[in-house]
Structures are given as C-alpha cells and as structure tokens.
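Presented below is the structure to which this report refers.
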Amino acid sequence: MSDLQSAVSLSNVSLTRSGSRHLNEITVDFPAASHTVIIGENGSGKSTLLDVISRDTKAGEGTVSIFRRDILSYTLPELAQHRAYLKQHQSLGFELSVFDVVKLGAINSRIDRDNLVGEVLVSLDLENLREKLYPNLSGGEKQRVQIARVLAQCWQAENHVCLLDEPMSSLDIKHQQQLIGLLQDLTDRGLTLISVMHDLEVARHAADFLLLMKAGEICDFGPADKVFTDQNIQKTFGVKWPLKISD
Amino acid sequence: MSTRLHNGLVWKLSFLLIVLMSISLAFGASTLNPFLAFDSATVQADILRNLRLPRILAAALIGAALAVSGVTVQGIFRNPLAEPALIGVSSGAAFTAALALLALPAGLLWLDLYIAAAAFVGGVLISFLIYSYFSYIQVQNTGFLLLIGIAVNALLAAAIGLLNFTADSDQLRQLFFWSMGGFGNLGWSAVITLVIFLVPAGGYLFKQHQALNALLLGDQEAAHLGFNVQRDTRVLLLLVALIVGATVAVAGIIGFVGLVVPHICRRLSGADHQQLFPLAALVGAILMVLTDVLSRVVLAPAEIPVGLITALLGAPFFLWLLSTRREMN
C-alpha cells in the first residue's frame, strides 16, 4: 500500500490497562479516501483501536497520526474538523427532534447547517422522520439518526476521518445496503472511513480494506478481496469458515 | 421551533412581562394607580418609584436568573431533574448566612449587607469545593457531581439545623424568613447589585449555548465535536454559582423556579439552548413577578414569603409534569 496516501498512521501502538494488554505494537497505515473495516472476535481490541485513533484513549506507547500530524498536537476544535466518531451506545438527555440531533453533528459547519442536515437526512432515508422526536424512534431508526449525526460532521468528506463502531447494528438489510452505498459515495468524495463490523458478509461488501484483529494484534491487513480468505477467517476467529450449521 | 416562531414568541412574552410589571405596580399593602409614579413629590409616587418598582424589577431579574441557571444545570448534567441547588450554592449560602447571623451582634450597622455578602461567598465557595472534590476523585461522569452535591447538601442541612438549635427566637425568625425567600426589602441598590452580577454572567452563559447543545449528546460526543468538556463545565458551573449566589444573597432561597421553568420552556421551544435561554429568562421573570404579586396580595398587608409560594405552586405543577413527560424516564 505504499502507493496509497495514508490518512491515519499508527506506529508501534500499545495499550495496557489494569495489567492486561489491550493493544500490542500495532503498526498500520489506513489509506485515505477508502473504507477500512476492522473485524475480529469479541475483546480483540477493535473498539479500543478506534478509541485510540479518536484520542478518546491515549496510547500507552507509540504514536498515532492523522493526516501526517501527531494526534496529540491537535487542539480539540482542530481535531473535530478532521475526525468524527460514532461510538456503540448513544443516548440523549432530552427530547430532541431527528433534525435537531443531526444538526448537532454539524455544529462546527461553516456552510448552511440546515441545508447540510437536509442533505444528510435525504441520503439516509430519514427525511420523513425529521420532525419526529428521537425517543419515539425504533432502535434501527435511532441508529440511522446517530449515523446521520456523525456523517453531518464530516459531510465535506475531504480531509476527514470517520470512525464508526458497529454502524450496521440494528439496521435491516435494506438500510444496510443503503448505508454501504452512501459510505462508498463518501469515500469516492475523499472521506476516510474506519469501521468495526461483526457481520462478515456485510464487512466484505462494505470494505475496500480489511483489518483482522486477534488478542490486541493485527492478524492481517490489506485489500478486502485478498484478505477475506477462509484461512484468514479461521485463523482470526478460531472457527471453520464458511459456517456450517447442522440440524 | 423555527426562528420566526421563536422570535414571535419572545416578542409576545416580552410584551406580557412589561404589561404584568406595570400592572403589578398597583398591588401592595394599598392599591395605587401606577400612573401616579409620574407625579412628583407625592407619597404615592415615592412608594411606586422607590419601593414597588425596584422590587418588581428585582423579582423579574431573579426569576430570569434562576430559570436560566436551571436550564444550564439541567443541560450540563443532561438530567431534567437537576436544579441549581444541587451544586450546593443554595445550601452553602444558607449555611454561611446563618453563621453570619449568629456570629455578628444584633443591631450592627449594615448587618443585612454582611449577611448577604456571607451568603454570596458561602454559595460560591461550597459550589467550588464540590467541584474541586469531583475533580480530585477523577471520575469522568458528571452524574457523580450530582451525588456529591446531594451529600454536601445533606451535610449542610444538618449543620444549619445545629445552628438553628443554638439561635435565639429573634435569630430563628430571621433565619426562617431568609430561608423562605422574599423581595420585601429590595430597593434600587439590590437592583443595581443584581444587574452588575447577572447581566455579564447571563450574557456569557448565553454565549455558551453551543457547548450546552453539544453536551446533550454526552461528554465524549461533545469532545468529539471539539468542545473542552471539563473546562466548559467548570466555567458554566462557576457562572451558575455566581448568578444563584447573587440572587440568594439578595432575596434568600427561592426554590422550584430553576426546576420547573426549563421544563415549560422545552415544551415551547425544544431543547436548543439558543432558543431556550431567552424563553427561560422571560418565563422565569413573568412567573416571579406574578408570584411577587401573590405574595403581596393574598394576606395583605402582610406578605407571604415568595419561596413558600413557589414551592406551594411549583411542587404540584412539577408532579403533574412528571406524569406527562417521557424525558423523565
């Protein structure tokens, strides 16, 4: 991948908490304007890796860079101009409409916020819900609203890194397909996406690159069609692939 | 709510406030024609200009301040049940005011001023100590700040109880009325004091509406949007402590306004703080002006403490709100 420009670079990143090694000497360059999907078994360090890239968690050792600049050298407002992050569990303290929740994502936008939010809502099939109150939505609708909020922060795409932790959870197959298409459009426009997914088939379809993790280490990383092999999946998860469920 | 609708509502509420303030000039120990205020050198004009007008202005300012503080505290904690008293400012003020009342000799010149100053310092100091302890235990969850506030409030309530135990009957009566809140003695000096504290602090608070909006998503999400959550929370709490400390020092403890008004306003405008702040200020001012009229009229010529009326009306209203609001879940 030396011919691809990297948007996010990790060099010898390790993290130990309460005596347990969560990340172990991770060195990886995430290519710009592409979608890298991280997969691995539970507790393998996928979400921790996103936390370290987002600066929610400081790496114990090693360095993390976004657009060739050490992440620790960014001020918070500067970082918000380059990085958006959807964490797994979201809640709101008060009743807000769908429109207002998504608008919070565009809080730093220099272009007309109402127009931007309108565009994002249309692209995620949320236009008909714009005036609905967030607490009244179904789980899948809430998830789409939160995705919309995070995408509103990086809608200009270029020079942005978007981290999505399990974006497909709670989504039905129609909206999964729609989201994959939207994420593809955004990477075409220059957005760098790094996401964590559990559904291997969805991950394979969504990813330009795959990063396989096990016990805080990288098993393999590369173009999705090369990395997604039966042997790699078996090595990462310790089960036979494709799955065969006997009755 | 659209900007046009919001602006229309702000204009209507502003008009209503001015009308209510003008009408409330008429009420008191005796009913007076408000237009007599324009006469020169009559006792009625003097009463209207130097007793009722400053009192009504102070009531409006205090109502606005308590409501805006309530909006801020609920926004910081993302908790619709939070109110300014939970950060210890009211109990801190009550404790130091009681301490001053008992320690200083009765009949001392400017005794009321010393008590007000002690209340202000105590309110701000206790809030600062609560926040310092929260920082010291290094817990990221602001919910812990509420728990610390509850514990400190209980401690101070016990301490105030002990002070009451040692007070004589005159001191007890003074403490009682002070803890119930009231506008009876407020003149132009109180209005000027309130303006000096509340206008700059309130203006700065309003400038923080984006940070409060971001905090609705949670501390981490606000940080992802570029906000320094710890610094912003600290600044916001300091401003609330200053604002509430000033109101408590001037008028004693007035509960429920900071809890109930934000709920009414969220129903009107939604949770966007840019719209919520001006609405809360106006609704808080209107409610306090009305409450002040009630306090003067119901048992005239005697006055009922304002804090009693806000609790008597506010508590049932809040119970009704609890039964109708989903966000309390």
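The values are calculated or read from the model by the stated rules, or taken from the named source; none is laboratory data. Keep in mind it's a predicted model, so treat the numbers as computed, not measured. So basically every Cβ, Gly included, is an ideal-geometry build from the backbone, and we count neighbours across all protein chains shown.
Matching residues to (1) at pLDDT below 90; (2) closer than 28 Å to A:Ile39 by Cα; (3) of a type in the set (Lys, Arg); (4) surrounded by 15 or more Cβ atoms within 10 Å (Cβ to Cβ):
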{"position": "A:Gly105", "(1), (2), (3), (4)": "no, yes, no, yes"}
{"position": "A:Arg110", "(1), (2), (3), (4)": "yes, no, yes, no"}
{"position": "A:Asp114", "(1), (2), (3), (4)": "yes, no, no, no"}
{"position": "A:Lys132", "(1), (2), (3), (4)": "no, no, yes, yes"}
{"position": "A:Met168", "(1), (2), (3), (4)": "no, yes, no, yes"}
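Among the residues that make up segment B:88-100, is at least one of them loosely packed, with under 14 Cβ neighbours inside 10 Å, in contact (Cβ under 8 Å) with a residue 24 or more places away in the chain and farther than 29 Å from B:Val71 by Cα?
no
Could you check A:Val150 against (1) at pLDDT 90 or above; (2) more than 27 Å from A:Arg55 (Cβ to Cβ) and say which number it fails?
Every condition holds for A:Val150 apart from (2).
Checking A:Asn136 against (1) within 14 Å of chain B (Cβ to nearest Cβ); (2) buried (at least 21 other Cβ atoms within 10 Å of the Cβ): exactly one of these is not met. Which one?
Among (1) within 14 Å of chain B (Cβ to nearest Cβ); (2) buried (at least 21 other Cβ atoms within 10 Å of the Cβ), the lone unmet condition for A:Asn136 is (2).
Hey, among B:Val73, B:Val43, which residue is surrounded by 21 or more Cβ atoms within 10 Å (Cβ to Cβ) and either touching a Cys at 6+ places or on another chain (Cβ under 9 Å) or of a type outside the set (Ser, Thr, Tyr) (or both)?
Step by step, each of B:Val73, B:Val43 is checked, and only B:Val73 is surrounded by 21 or more Cβ atoms within 10 Å (Cβ to Cβ) and either touching a Cys at 6+ places or on another chain (Cβ under 9 Å) or of a type outside the set (Ser, Thr, Tyr) (or both).
Quick check on my filter: what residues within segment B:208-221 are more than 9 Å from chain A (Cβ to nearest Cβ) and either assigned to a helix (DSSP H, G or I) or in contact with a Lys or Arg (Cβ under 7 Å, 6 or more places away or on another chain) (or both)?
Result: B:His209, B:Ala211, B:Leu212, B:Asp219.
Residue by residue, here is whether (1) surrounded by fewer than 21 Cβ atoms within 10 Å (Cβ to Cβ); (2) more than 17 Å from the chain's Cα centre (by Cα) holds:
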site	(1), (2)
B:Trp178	no, no
B:Gly184	yes, no
B:Val199	yes, no
B:His224	no, yes
B:Asp232	yes, yes
B:Val235	yes, yes
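Could you please find all residues in segment B:108-149 being buried (at least 20 other Cβ atoms within 10 Å of the Cβ) and polar (S, T, N, Q)?
B:Ser127, B:Thr142
For segment A:31-53, how many residues meet the condition of being assigned to a strand (DSSP E or B), under 15 Å from A:Cys219 (Cα atoms) and not aliphatic (A, V, I, L, M)?
2
Restricting to segment A:100-147, what's the tally of residues that are hydrophobic (A, V, I, L, M, F, W, C), under 21 Å from the mean Cα position of the chain (by Cα) and within 24 Å of A:His82 (Cβ to Cβ)?
12
Give me the residue from segment A:71-122 that is within 19 Å of A:Val161 (Cα to Cα), hydroxyl-bearing (Ser, Thr, Tyr) and out of contact with any Phe, Trp or Tyr (no Cβ under 8 Å at 6 or more places or on another chain) and, out of that set, nearest to the other protein chains (Cβ to nearest Cβ).
A:Tyr85
What is the residue count in segment A:59-117 for residues that are among the aromatic types (Phe, Trp, Tyr) and in a loop (DSSP other than H, G, I, E, B)?
Total meeting the criteria: 3.
Does B:Leu129 satisfy the condition of being more than 30 Å from B:Leu25 (Cβ to Cβ) and aliphatic (A, V, I, L, M)?
So B:Leu129 fits the description; yes.
Look through A:Leu163, A:Leu126 and report the one residue that is away from every other protein chain (no Cβ under 14 Å) and surrounded by 19 or more Cβ atoms within 10 Å (Cβ to Cβ).
Among A:Leu163, A:Leu126, only A:Leu126 is away from every other protein chain (no Cβ under 14 Å) and surrounded by 19 or more Cβ atoms within 10 Å (Cβ to Cβ).
Go through segment A:153-166 and report how many residues are at pLDDT 90 or above and closer than 17 Å to A:Gly105 by Cβ.
So the count comes out to 9.
Only one of (1) in contact with a strand residue (DSSP E or B) (Cβ under 9 Å, 6 or more places away or on another chain); (2) among the small types (Gly, Ala, Ser); (3) surrounded by fewer than 19 Cβ atoms within 10 Å (Cβ to Cβ) is not met by A:Gly190, so which one is it?
(1)
Within segment B:259-274, is even one residue surrounded by fewer than 24 Cβ atoms within 10 Å (Cβ to Cβ), out of contact with any Gly (no Cβ under 7 Å at 6 or more places or on another chain), aliphatic (A, V, I, L, M) and farther than 17 Å from B:Pro84 by Cα?
Yes, segment B:259-274 contains a residue that is surrounded by fewer than 24 Cβ atoms within 10 Å (Cβ to Cβ), out of contact with any Gly (no Cβ under 7 Å at 6 or more places or on another chain), aliphatic (A, V, I, L, M) and farther than 17 Å from B:Pro84 by Cα.
Inside segment A:29-70, can you point out the residues that are within 25 Å of A:Ala106 (Cα to Cα), within 14 Å of chain B (Cβ to nearest Cβ) and free of Cβ contacts under 8 Å to residues at least 40 places away in the same chain?
Selection gives A:Asp51, A:Arg55, A:Asp56.
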